[in-house]
4 protein chains.
Amino acid sequence: MIGVAINGYGTIGRRIAYAASKQDDMYVTGIVKNSPDYVTKQASKYFNIYAPDNDKKKEFEASGITVKGTLDDLLSESDIVIDGTPEGNGEKNLKIYKQHGIKAILEGGESKDAVEVSFNSYSNYSKSINKNYVRVVSCNTTALARTLTPLNEKFGINEVNATIMRRATDPNDSKKGPINAIEPSMAYPSHHAGDLKTVMEDINIETTAVKVPTTLMHVHVINLELKSETTKNEIISALSKKRRLILFDGNEKINSTAQIMDYARELSRNRSDLYEIAIWKDSINIYKNKVHYIQAVHQESDVIPENIDAIRAMFGIEQSMSQDKTDASLGIKGVEY
Amino acid sequence: MIGVAINGYGTIGRRIAYAASKQDDMYVTGIVKNSPDYVTKQASKYFNIYAPDNDKKKEFEASGITVKGTLDDLLSESDIVIDGTPEGNGEKNLKIYKQHGIKAILEGGESKDAVEVSFNSYSNYSKSINKNYVRVVSCNTTALARTLTPLNEKFGINEVNATIMRRATDPNDSKKGPINAIEPSMAYPSHHAGDLKTVMEDINIETTAVKVPTTLMHVHVINLELKSETTKNEIISALSKKRRLILFDGNEKINSTAQIMDYARELSRNRSDLYEIAIWKDSINIYKNKVHYIQAVHQESDVIPENIDAIRAMFGIEQSMSQDKTDASLGIKGVEY
Amino acid sequence: MIGVAINGYGTIGRRIAYAASKQDDMYVTGIVKNSPDYVTKQASKYFNIYAPDNDKKKEFEASGITVKGTLDDLLSESDIVIDGTPEGNGEKNLKIYKQHGIKAILEGGESKDAVEVSFNSYSNYSKSINKNYVRVVSCNTTALARTLTPLNEKFGINEVNATIMRRATDPNDSKKGPINAIEPSMAYPSHHAGDLKTVMEDINIETTAVKVPTTLMHVHVINLELKSETTKNEIISALSKKRRLILFDGNEKINSTAQIMDYARELSRNRSDLYEIAIWKDSINIYKNKVHYIQAVHQESDVIPENIDAIRAMFGIEQSMSQDKTDASLGIKGVEY
Amino acid sequence: MIGVAINGYGTIGRRIAYAASKQDDMYVTGIVKNSPDYVTKQASKYFNIYAPDNDKKKEFEASGITVKGTLDDLLSESDIVIDGTPEGNGEKNLKIYKQHGIKAILEGGESKDAVEVSFNSYSNYSKSINKNYVRVVSCNTTALARTLTPLNEKFGINEVNATIMRRATDPNDSKKGPINAIEPSMAYPSHHAGDLKTVMEDINIETTAVKVPTTLMHVHVINLELKSETTKNEIISALSKKRRLILFDGNEKINSTAQIMDYARELSRNRSDLYEIAIWKDSINIYKNKVHYIQAVHQESDVIPENIDAIRAMFGIEQSMSQDKTDASLGIKGVEY
């Protein structure tokens, strides 16, 4: 049993904690939370709570939450730590983790250079085998890797151009906007292209990112050129082989991200999450070797199965065994939904 | 065991089906759905599917969904039917239910005059005992009855004035707006005042309704005058005695409806629902016999426990036994969260 | 001719500059802008630009904008300065203005204690006659004073209770949210009640403020008790006597703030502003001495005529002459629209 | 002087009426409005009002609006009619216009096959010379034609791929959503590609359309391949030659469509419109013969100068004279802003 520590219990941290607790070869040693709010109160019913340091420990205890120790205590009782602290802190924290001689996973907001290797479960699982410091790429990059990997494996990809419509903030945030505006990123390619290359080395991709006023999901418009001509059926067949993808049919009345996330609620999963990347089957268009499709990404949860797989890879477990365990435990059945 | 039919599997119908399936004295005989979309597909994993008529039955079967029969079949195999069809259809459907000699519950969008009595589990449970045709009042009215009943019971209420900020549409709808506007209803009082009087007969209330561009929750600003002076602690104590209410504290960082619904997701409930009415404890203000507070209402789910209780009342089961069963089965623990 | 300096050219500053330039007894000596952005570029076509200091002056000139001097230069060439700098800076700036021996107006975000008197053109114009340091109250407070003053003058007001639905941010801001949430303020009364008392001394008012995800207008639900009974026609008549109010009729299809601001665009005014407070005539309801109505407030512009009037009051010009000049120059015709 | 009738005074119709009234070789004979709402009331101050028929005439007069006659009357007193009626009515109305022997312009929502030729002032002005029935293409198509025409003329375009993020509805509408969702169109290419070919015959273009919850502007992400290699400066130079384009610089702090429309308000134009297509200069990226840029489109007004030009073309006036008159009268100065 791998003892998994969670440092940071925000959008991603709390979901990894839940997912890790569902695995038969892992257990959650504890979580580190920074303030005693409503999230901590609930978490304390399921997990051991640790404070960043002794001062914070007292603040937690003053608010009636039992604290088992500090981050230092937690690290010495764990086999691996997942860093879910706010973007930009991971690299600093990594030094602490290294001092404790503990394996560590950073999330997609951190620099690729901070770790040994970046991880996606479909595109480069094996590179993380027995590694100590691994980064799971971001929600958008994970989504790109998920659908491009099966197409690249089957047909070979010459080049990709993707427009990424980003949800502006998560549903539980009420500070950030915009309320009524579209905000494009000026960088071209946006950082997503470079990030994808950390897990799909030879991919030739350009990306544009545009922020839009919604909280539910990102949407990607993808145009790519394969090395050979194909048909719509062959594309659907390639995508259907992977479990972490869902292909929605037009007659199911899934017109927008509102219905996709409603579908997710119907699945009765924890936090109404959608781990899979959703692809509108009707959006798939083929012209000779050119492929077009549109996919939607639940930014809060699509990286969760990847984090669980990354843990296993770092302990030497091979790809298909890990994916089978992860997907079975989280109810991911993919296209046969 | 009470056999419960669900006619209409939209926002409310599907949640009643789930809740009924969790009771130890009820079972879901089947659900009637109008079209074979993604919701029906999921529902068919848990429930028997019936079609409105034989033509629709063929349409469902053509799309690969097994249909057990028609509405008529379902009604003859059930003890009670819950009408969750779109607003305005209930009265028409009631004629069919009466022909089948089956008890029926209509929802809050229907006229009070269509049924024998309107229902709220806190304010007038006993009036529905052994009745055949009952209406559960709407999400907003239910929320008002929930918090006003304990205050009325303990202090007596002279008059209430409430401003209701309505979420414009539900999260799974992408057609309705407004995107960027505030739309007040001109009616004063809005229909909520009259509706509340169907379950709290002597209440003296005025309400104003204003539509705002959000999907998560309604928010009520409530000002009332009690028959006697009181203190904040007494008000909190009165509200704390009821399980279907939650009082949030300022230091828990619940600033808006975004954090309340995030809290609901942390509860790991089905569809991330919040059956309880949320009250901001910091908003409670007392001046002599005047009371002010602000509450938030999860419009998709607050009426669900009421519907389950209404079923039991209609079969002669008394209030506290029903509420205990309903709340235990749905994980409703109220203020001791 | 009164020489008017504008320090700060944001939402309010730029509109006061425009309005002052339209008066026959004032002229704009210059505006102080903090950074050379797109707004400054346009402003430089109409107004002399001054920089806060010599360093900033160089930054402006480097970006190709001609700068006539610094704030100090501007103050010595002007008779009065309007402080339109970001909220909270006014009090600090006031020290500089006093050193220059120049009259100054602060805006509603500043403390009432920083100045000699707070100002609303309807409720307490005369108190600012020949004063040196005056504060024009905020957009929401101005709106309350506008409609409550005629009712108080004609009937006497016992008490007011208002719920203020605040637009979350201005249309030109893309940073602030919420995108999809309702955020009530816990303070009761919200600061608006106290602020109103700075211009309507004896008013008995409670206010609740709630932030909603829109940018166009604030909306107020107002419930009040008069000293005597009245009729709807009398209320309409009292409100109709004031020019800075518009009463919309239901059959004109003004259902929401979206149509009100569209109406404003049809007026062909500068920046499509609506200086008047809009009242839905259909929302006016009377029961004995109780009055209910709903009004909408264009937060970017309703205080502009007040600022122009405040300037005149501070130079000893009496109320009706100032209001006549202000309204004529800005096209404000009120109810006879 | 050309007598211009406006049939339909919605978003586009009212703006064409305004613009036509500013030309020295045209005058507005009258406008036809369908209902006596707040827009009609304002319009009646500037224009002769006509009713669709005699019944409607009476309805208008009952609400106090003077009506000069019916549509039939208006057509017999005019030289040309602009059809601004709701999408889908133009073709039907065209039959009436033909019976009156009057020239007519339809807008972009109508079928290209209903008219002799489709029109864009930059790409195919001359084709409409002396024509009788012309269609001005839609806001999005006009925007594409505006920026692609100068690039095509100077470099030749091999192929274009554009992702169009559509504002979901106009600012004055409060009915349509989505409030919190992204809704892609399944059609690939979206209808915009075919529509562009009606005014740029040989263009090789694919477009994807995605609806996002905002009211202000559309945003286009454009990727294209030229017939020859180029540089960023050459692209900027080509775009700068056209007046109906604005290139914004990053240091002007125009981060989103919120700031662009704020810029438009600073221009002091009627209805705060932005006739020009806005291009983020910083988004322009060149790699050999590949060009990437992002543009924003004010959907309410970008087609207005085109309609004025189309009128002149249909009366035999040549391109540069018309564009000069149109742009001078509307204050369009393009890149030298």
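A few points about this structure:
- Here residue A:304 meets the list (1) closer than 15 Å to residue A:121 by Cβ; (2) free of Cβ contacts under 8 Å to residues at least 60 places away in the same chain almost entirely, failing just condition (2).
- Among the conditions (1) assigned to a helix (DSSP H, G or I); (2) in contact (Cβ under 8 Å) with a residue 60 or more places away in the chain; (3) open to solvent by 30 Å² or more (accessible area, probe 1.4 Å), the only one that residue D:152 does not satisfy is (2).
- Filtered by the rule that a residue be among the small types (Gly, Ala, Ser) and assigned to a strand (DSSP E or B), segment D:30-43 gives a lone residue, D:30.
- Looking across segment D:13-43, the residues that are among the small types (Gly, Ala, Ser) and modelled with pLDDT of 95 or more come down to D:13, D:17, D:19, D:20, D:21, D:30, D:43.
- Against the numbered list (1) open to solvent by 10 Å² or more (accessible area, probe 1.4 Å); (2) modelled with pLDDT of 95 or more; (3) within 14 Å of chain A (Cβ to nearest Cβ), residue B:329 comes up short only at (3).
- Answer from A:193, A:168, A:209 - the residue that is over 24 Å from residue D:215 (Cα atoms) and either open to solvent by less than 40 Å² (accessible area, probe 1.4 Å) or not polar (S, T, N, Q) (or both): A:193
- Note on segment A:129-141: among residues that are out of contact with any Lys or Arg (no Cβ under 9 Å at 6 or more places or on another chain) and either free of Cβ contacts under 8 Å to residues at least 12 places away in the same chain or part of a helix (DSSP H, G or I) (or both), the one that is surrounded by the most Cβ atoms within 10 Å (Cβ to Cβ) is A:141.
- Filter pass, residue D:211 being basic (Lys, Arg), within 11 Å of another protein chain (Cβ to nearest Cβ) and closer than 17 Å to residue D:163 by Cβ: yes
- Exactly one residue out of D:46, D:27 is under 24 Å from the mean Cα position of the chain (by Cα), among the aromatic types (Phe, Trp, Tyr), surrounded by fewer than 21 Cβ atoms within 10 Å (Cβ to Cβ) and part of a strand (DSSP E or B), and it is D:27.
- Some residue of segment C:250-257 being modelled with pLDDT of 95 or more and among the hydroxyl-bearing types (Ser, Thr, Tyr): yes
- Of the criteria (1) within 19 Å of residue B:167 (Cβ to Cβ); (2) part of a helix (DSSP H, G or I), which one residue B:193 fails: (1)
- Qualifying residue in segment D:66-83 (condition: open to solvent by less than 60 Å² (accessible area, probe 1.4 Å), farther than 21 Å from residue D:139 by Cβ and within 14 Å of chain C (Cβ to nearest Cβ)): no
- Residue count for segment B:253-288, restricted to those that are over 22 Å from the mean Cα position of the chain (by Cα), surrounded by fewer than 20 Cβ atoms within 10 Å (Cβ to Cβ) and within 12 Å of chain A (Cβ to nearest Cβ): 1
- On inspection, residue D:228 fails the criterion of being more than 19 Å from the chain's Cα centre (by Cα), of a type in the set (Gly, Ala, Ser) and either at the interface with another protein chain (Cβ under 7 Å from one of its Cβ atoms) or under 26 Å from residue D:320 (Cβ atoms) (or both).
- Inspection of segment A:93-105 finds a residue satisfying the criterion of being of a type in the set (Lys, Arg), surrounded by 16 or more Cβ atoms within 10 Å (Cβ to Cβ), modelled with pLDDT of 95 or more and not in a helix (DSSP H, G or I).
- Candidate set: segment C:106-128, residues that are closer than 19 Å to residue C:189 by Cβ and in a helix (DSSP H, G or I); chosen: the one nearest to the chain's Cα centre (by Cα): C:112
- Residue list for segment B:12-24, restricted to those being in a helix (DSSP H, G or I) and buried (at least 18 other Cβ atoms within 10 Å of the Cβ): B:12, B:13, B:14, B:15, B:16, B:17, B:18, B:19, B:20
- A single entry from A:60, A:47 fulfils the requirement of being modelled with pLDDT under 95 and not β-branched (Val, Ile, Thr): A:60.
- Pairs are defined by a Cβ separation below 6 Å, a sequence spacing of at least 6 or placement on different chains, a first member in segment C:249-263 that is under 12 Å from residue B:186 (Cα atoms), and a second member that is part of a helix (DSSP H, G or I) and of a type in the set (Asp, Glu); the pairs so defined are C:250/C:282.
- Single match in D:227, D:281 (criterion: under 27 Å from residue C:63 (Cα atoms), among the charged types (D, E, K, R), in contact (Cβ under 8 Å) with a residue 40 or more places away in the chain and not assigned by TED's automatic domain parsing to the domain that holds residue D:21): D:281
- Members of segment A:173-189 that are buried (at least 21 other Cβ atoms within 10 Å of the Cβ), without any contact (Cβ under 8 Å) to a residue 24 or more places away in the chain and more than 7 Å from chain D (Cβ to nearest Cβ): A:174
- Answer residue from segment D:148-172, given it is among the charged types (D, E, K, R) and over 30 Å from residue D:271 (Cα atoms) and is nearest to the other protein chains (Cβ to nearest Cβ) among those: D:159
The values are calculated or read from the model by the stated rules, or taken from the named source; none is laboratory data. Please read these numbers as outputs of a predicted model, since none were measured by experiment. Neighbour counts are summed over all protein chains in view; Cβ atoms, including those assigned to glycine, are modelled from backbone coordinates with ideal geometry. For the accessible areas, the whole protein counts, side chains as well, though only heavy atoms, and no ligand, DNA or RNA atoms are used. Shrake-Rupley method; radii C 1.70, N 1.55, O 1.52, S 1.80 Å.
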